[in-house]
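Where a number appears in this text, it was derived from the coordinates with a stated rule and is not lab data. Predicted, not measured: the structure shown is a model, and the values here were computed from it. Here the Cβ is made from the backbone with ideal geometry for all residues, glycine too, and neighbour counts use every protein chain on show.
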């Protein structure tokens, strides 16, 4: 069995940069999502753990584009909605045209769908605030590979989102738990993982991002993001001249679209061309 797990793509998200930069980030977010699907047509299915899109900015053409990409992917895509892409009365009409291979879980209770010898359990949001209780007392059939697909936080004392208890999750006996909501890729345990976002959007997201590929050898993180936000803080006294400083900075930039926030403490009064 082979599947991919991704989350928090936030397609069509609003950004606080100039229109030119915001459009670039949105374009690359779409491209990265498309690359993930194109690179994984050999998997059995895909899991999307919420916040795939920004419902407030998603247009009819965006839905058409998304549904076309998923249809062309050719395998089933199991999808739970989160606090940014929840389905309610004001946008459910768009999903009437969804492709048959896009499987969306309901918001009323934890349900499962079967894919060969796998059972995927999930529950979607129907509002931005989703602080209801979670049922840990379900009986799993061990003859299936059991997967939990959910968008929420783990172990927070107070949350407006689905708040999950780690011990409760572990006690349920799932073979794999695919989480969304936290944009940082986090492995809580060997089989409880946040995939993180698929593409960086601002300086708060300064890592390399992508998705998780699960095969017979377990989960592997696959880095695919095209954008890197960098923040570099230096002292000029650590460099002999301006050329050394520029070389130091350049060596820390990846072969990506780099956004750089640079803070230079000129404690040695180095002759620095600020414009350059």
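Please report how far the C-alpha centroid of the range 236-257 lies from that of the range 90-132, rounded to the nearest whole angstrom.
About 48 Å separates the Cα centre of the range 236-257 from the one of the range 90-132.
Between 179, 253, 102, which gets the highest mean-square fluctuation from a Gaussian network model of the chain, Cα cutoff 10 Å?
The residue with the greatest mean-square fluctuation here is 253.
Compute the angle between helix 19-39 and the longest alpha-carbon principal axis of the chain, please, reported from 0 to 90 degrees and rounded to the nearest 10.
50
Find, to one decimal place in angstroms, the Kirkwood hydrodynamic radius of the range 46-133, where the mean of 1/r is taken over every pair of different Cα atoms and then inverted. Kindly include the intermediate steps, with their values, before the conclusion.
Details: mean 1/r = 0.0740 Å⁻¹.
For the range 46-133, the Kirkwood estimate is 13.5 Å.
Taking the Cα atoms only, what angle lies between the long axis of helix 242-251 and the longest principal axis of the chain, rounded to 10 degrees?
Compared with the principal axis, the helix lies near 10 degrees.
What's the FRET efficiency of residue 92 with residue 223 using the Cβ-Cβ distance as r and R₀ = 35 Å, to the nearest 0.05?
Details: r = 35 Å, r/R0 = 0.99.
Plugging the Cβ-Cβ distance into 1/(1 + (r/R0)^6) gives 0.50.
Report, in deg cm²/dmol and to the nearest 500, the calculated mean residue ellipticity at 222 nm for the chain, where each DSSP H run with n ≥ 4 adds -39500 (n - 2.57) and the sum is divided by the residue count.
Result for the chain, helices only: -6000 deg cm²/dmol.
Subtracting the Cα-Cα distance from 0.36 nm times the residue separation, let me have the gained length for residue 140 to residue 166 in nm, one decimal.
7.6 nm
Just to check, using Stokes-Einstein with a Kirkwood Rh over alpha carbon pairs, what's the diffusion coefficient of the range 3-223 at 20 °C and 1.002 mPa s in µm²/s?
Stokes-Einstein gives a translational diffusion coefficient of 122 µm²/s.
If you take every DSSP beta bridge fully contained in the range 143-254, what fraction is antiparallel? Give it as a percent rounded to 5. Can you show the working numbers first?
Working: 9 of 19 bridges.
In the range 143-254, approximately 45 percent of DSSP beta bridges are antiparallel ones.
Based on DSSP, what percent of beta bridges with both residues in the chain are antiparallel, to the nearest 5? Spell out each step's value before the answer.
Working: 17 of 54 bridges.
Expressed as a percentage, antiparallel bridges in the chain total about 30.
On full extension of the chain, what length is gained from residue 186 through residue 203, given 0.36 nm per residue of separation minus the C-alpha to C-alpha distance?
Working it through step by step, the gained length comes to 4.3 nm.
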